[in-house]
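S.K.: Encoded as structure tokens, here's the structure I'll be asking about.
Please treat every number below as a calculation from the coordinates, not as lab data. Everything quoted here is computed from the prediction, not taken from an experiment. Using ideal geometry, Cβ is built from the backbone for each residue, glycine included, and neighbour counts are taken over all protein chains shown.
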Amino acid sequence: MTLKADYIGRFAPSPSGPLHFGSLVAALAGYLDARANNGLWLVRMEDLDPAREPPGAADEILSTLEHFGLHWDGSVLYQSQRLDAYQEALQTLQDKGLIYACDCSRSQIQEIGGVYDNRCRTRALSVAPSGPSAALRVKVADEIIRFEDAVQGPQQQDLMRDCGDFVLLRKDGLFAYQLAVVVDDAFQHITDIVRGHDLLDSAPRQIYLQRLLGYPTPRYAHIPVAVNELGQKLSKQHFAAPVSPESPSTQITAALRFLGMNPDADLAGAPPVALLEWATGHWHIQAVPKLANIRLDHIS
Ligand code: GLU
């Protein structure tokens, strides 16, 4: 990766379906923050879980971004091509004695209140591929991780108490999001992460891994998540409608309102490029509502 700049942002969709309004908002916020800071904006496909990725979904996301005028820099990085890098990072942690195998089931963890109590730390389960089907967890330290979120303000999490040792390699052999995201944010020299509030409580785990692996910690900004009238995050599981290719300007305008902006009336119906230019000039991350989520039916 040769790109280097004072500001490098990214949009990192999981190609589990077409772009919906919630992911459009995340893409737009990241794009505007990068462009307003004269930065680069990269796209990374988080395609680590083939069973959840309908064929063609990644290409569809990319063509929608282009159709909406959200042009990225450089070439798209595909996590499915990066398995060696994740393995290497896992090995680094393993060499430090920080990794162990765990075969606890989700329901066992639910029974103890949902936070893993590190019970397999001392069990010395085999981690051989031929051994029992086991996840690999990283040991957390008994420390509080603190960071400043550009939208949500000061944050802190006690990893031991609130999270416990967490999974880096899943039982099914797939690398976990937490590991892949940290390795790739470092590889792509990401300085600024703008994404949905649903990932706010992942940030401390990611900062912890960055420290263990000797990577810099980027700045974070977690924007509100779009939810339906039942309070559910718009997602494929909740049948969120894909953004419509017919009306990019209307949807960009709605996404700008969601982000606390108020496009001039004379921009009504303007093409995406004009809307994005206006929005880049008027973007202030501090104007984004400091909320976990916003109901879509509350946006005019
Ligand atoms: N791939 C994740 C998602 O689509 C986002 C990862 C990130 O932005 O850190 O929810």
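S.K.: Determine the equivalent ellipsoid of the stretch 75-156 by diagonalising the alpha-carbon gyration tensor, then write out the semi-axes as square roots of 5 times the eigenvalues, largest first, rounded to whole Å.
M.R.: Those come to 26, 23, 14 Å.
S.K.: With an 8 Å cut-off on Cα pairs and a minimum separation of 6 or more residues, tell me the relative contact order of the chain in percent.
M.R.: Relative CO of the chain lands at 23 percent.
S.K.: Amide H neighbours of residue 42 under 5 Å, counting only residues 5+ apart in sequence or on other chains, H built in-plane at 1.01 Å?
M.R.: Here 9, 10, 11, 73 satisfy the definition.
S.K.: Projecting each Cα onto the charge dipole of the chain (Lys/Arg +1, Asp/Glu -1 at the beta carbon, about the Cα centre), which of 279, 145, 268 comes out farthest on the positive side?
M.R.: About the Cα centre, the residue reaching furthest to the positive side is 145.
S.K.: Let me ask you something else. Charges on Cβ only, +1 for Lys and Arg, -1 for Asp and Glu, centred on the Cα centroid of the chain; of 41, 190, 7, which one is farthest towards the dipole's positive end?
M.R.: Of 41, 190, 7, it is 190.
S.K.: Just the Kirkwood number for the stretch 141-270, please: inverse of mean 1/r across all distinct Cα pairs, in Å, one decimal.
M.R.: Kirkwood radius, the stretch 141-270: 17.3 Å.
S.K.: In addition: When the helix-only estimate is applied to the chain (DSSP H runs of n ≥ 4, each -39,500 (n - 2.57), divided by the residue count), what is the mean residue ellipticity at 222 nm, nearest 500 deg cm²/dmol?
M.R.: -9500 deg cm²/dmol
S.K.: So what's the angle, to the nearest 10 degrees on a 0 to 90 scale, between helix 248-258 and the longest Cα principal axis of the chain?
M.R.: Tilt of helix 248-258: around 70 degrees.
S.K.: Considering only 171, 96, 290, give the residue with the highest GNM mean-square fluctuation for the chain, with springs between Cα atoms whenever their separation is below 10 Å.
M.R.: 96
S.K.: Angle check, please: helix 272-282 long axis (alpha carbons) against the longest principal axis of the chain (alpha carbons), in degrees 0 to 90, nearest 10.
M.R.: 80 degrees
S.K.: Rounded to the nearest 20 Debye, what is the dipole magnitude of the chain about its Cα centre when Lys and Arg each give +1 and Asp and Glu each give -1 at the C-beta?
M.R.: The calculation lands at about 760 debye.
S.K.: Can you give the convex hull volume per residue for the Cα atoms of the chain, as a whole number of Å³?
M.R.: Considering the Cα atoms of the chain, their hull volume per residue is 138 Å³.
S.K.: Follow-up question, since we're still on this one. For the stretch 74-215, just say rounded, prolate or oblate: build the C-alpha gyration tensor, square-root its eigenvalues into a ≥ b ≥ c, call rounded for a/c under 1.5, and beyond that prolate if a/b exceeds b/c, oblate if not.
M.R.: Oblate.
S.K.: For the chain, take the longest principal axis of its alpha carbons; what is the angle in degrees between that and the long axis of helix 21-36, to the nearest 10 within 0 to 90?
M.R.: The angle comes out near 80 degrees.
S.K.: Now for a separate question. Provide 115, 167, 138 in ascending order of the number of other Cβ atoms located within 10 Å of each residue's Cβ, fewest first.
M.R.: Exposure proxy ranking, most exposed first: 115, 167, 138.
S.K.: Once you keep just the Cα pairs under 8 angstrom separated by 6 or more residues, what percentage relative contact order results for the stretch 163-300?
M.R.: Across the stretch 163-300, relative contact order equals 24 percent.
S.K.: Could you name the aspartates and glutamates whose alpha carbon sits less than 20 Å from that of residue 96, not counting residues in the same chain fewer than 8 places away?
M.R.: Answer for residue 96, where 20 Å is the Cα cut-off: 84, 88, 142, 143, 165, listed by chain and number.
S.K.: Under unit Cβ charges (Lys, Arg +1; Asp, Glu -1), what dipole magnitude, rounded to 20 debye, does the stretch 113-200 have relative to its Cα centre?
M.R.: The dipole of the stretch 113-200 has a size of about 560 debye.
S.K.: Evaluate the charge dipole of the stretch 57-160 about its Cα centre and quote only its size in Debye, nearest 20, assuming +1 on the Cβ of each Lys and Arg and -1 on the Cβ of each Asp and Glu.
M.R.: Dipole size: approximately 620 debye.
S.K.: For the chain, which cysteines have no disulfide-compatible partner, meaning no other cysteine Cβ under 4.7 Å?
M.R.: By the Cβ distance rule, which asks for a partner under 4.7 Å, the isolated cysteines are 104, 163.
S.K.: Follow-up question, since we're still on this one. Would you mind calculating the relative contact order of the stretch 239-282 from Cα pairs under 8 angstrom and at least 6 residues apart, reporting the percent as a whole number?
M.R.: After rounding, I find 37 percent.
S.K.: So what does the Cα-only Debye profile of the stretch 8-50 read at q = 0.14, 0.31 Å⁻¹, as log10 I(q)/I(0), no solvent term?
M.R.: The calculated log intensity ratios at q = 0.14, 0.31 Å⁻¹ are -0.33, -1.06.
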